[in-house]
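To start, the structure under review is shown below, and the notes come after it.
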Amino acid sequence: MINREKMLYWIRISALLIDFLLIALYATCLFGVVYFFTHDRPLVFSPYMGQLVAFLSLTLPVLLYLICFEYSSKQASLGKQICKLQVHNINGGKASLQSIIIRNVVKLLPWEIAHAFVQALFYFIHRNEEPPIWVWIGLIIPQLVAFVYFITPVLNKKGRGVNDLIANTIVVRETSRS
């Protein structure tokens, strides 16, 4: 028999996949718009400018989506709403805006680190240079961190992820508010 924490873990994974599909849809639309305007003259940025553009056009909107929805009265992203989950503080009440911000910044940190090193990789490839070893290491580290993020809720008695532990939050089954 599956215990409640393991079941909640798989429900959280389902919510994450739903949110990821929504984010992937947004990213695909963003890519389509950029391609439409630049297909005959590709944009080439320095790694710093590329990172800034990627942050402003992709990461920041995703971060704002997560923060706004998790701090709303529903206390859940669309994926969590579909899966009947909510983000609470560790005492069971509504999480503070600061906790929601910290939770989601920590959640997206490996993604943003990966973006930075992908920008560096493209920079070297565009210049027909072999990327230095630090670029390859920088691309592996976020994958390792993401792995830790995925196993932490399994190892944690209450199923809290790294971002929840740092932000003092917990994801729970939706509670009815009277």
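We did not get these values from a lab; they are worked out from the coordinates using the rules stated. On a predicted model such as this, the values are computed, not experimentally measured, just so you know. Virtual Cβ from ideal backbone geometry, glycine too; neighbours counted across all protein chains shown.
If the only charges are +1 at each Lys and Arg Cβ and -1 at each Asp and Glu Cβ, what is the size of the charge dipole of region 4-173 around the Cα centre, to the nearest 20 debye?
That gives region 4-173 a dipole magnitude of about 940 debye.
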- [ ] Using only alpha carbon pairs under 8 Å that are at least six residues apart, calculate the relative contact order of the chain and give it in whole percent.
- [x] 29
Open item on the list: Using +1 at the C-beta of Lys and Arg and -1 at the C-beta of Asp and Glu, which of Ile113, Ile101, Met7 has the Cα lying farthest in the positive direction of the dipole of the chain?
Closed with: Met7
Task: Choice from Ile100, Ile18, Ile82 with maximal GNM fluctuation in the chain (Cα, 10 Å cutoff) - done: Ile82
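Just flag the trypsin sites (Lys or Arg not before Pro) in region 1-95 sitting in loop per DSSP whose Cβ has no more than 16 other Cβ atoms within 10 Å.
Listed in order of number, the matching sites are Lys74, Lys84.
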Open item on the list: Of Tyr123, Ala146, Leu165, which is farthest towards the positive pole of region 112-167's charge dipole, taken about the Cα centre with +1 and -1 on the beta-carbons of Lys, Arg and Asp, Glu respectively?
Closed with: Leu165
TODO: Using label points projected 7 Å from each Cα along Cα→Cβ, tell me how many nm separate Trp111 and Asn91, to one decimal.
DONE: 3.0
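Would you mind getting me the FRET efficiency between Glu129 and Asp40? Use the beta-carbon distance for r and R0 = 22 Å, nearest 0.05.
On the way: r = 25 Å, r/R0 = 1.14.
Result of the calculation: an efficiency of 0.30.
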TODO: Rounded to the nearest Å, what's the spacing between the alpha carbon centres of region 96-167 and region 16-67? Just the number, please.
DONE: 17
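Enumerate by residue number the GluC sites (Glu not before Pro) in region 61-163 meeting two conditions: DSSP loop (anything except H, G, I, E, B), and at most 14 other Cβ atoms within 10 Å of the site's Cβ. Can you show the working numbers first?
Working: sites: Glu70, Glu112, Glu129; in loops: Glu129.
The qualifying sites are Glu129.
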Task: Among Gly32, Leu58, Ser72 the positive-end extreme of the charge dipole of the chain (Cβ point charges) - done: Ser72
- [ ] Kindly state, to the nearest 0.05, the FRET efficiency for Tyr48 paired with Lys157, given R0 = 41 Å and r defined as their beta-carbon distance.
- [x] 0.45
Task: Whole-percent pair-distance distribution, where bins are 5 Å wide, for the alpha carbons of region 4-173 - done: 2, 8, 14, 19, 18, 14, 10, 8, 5, 2, 0, 0
- [ ] Report the label-to-label distance for Leu60 and Phe147 in nanometres (one decimal), using points 7 Å from each Cα along the Cα→Cβ vector.
- [x] 3.4
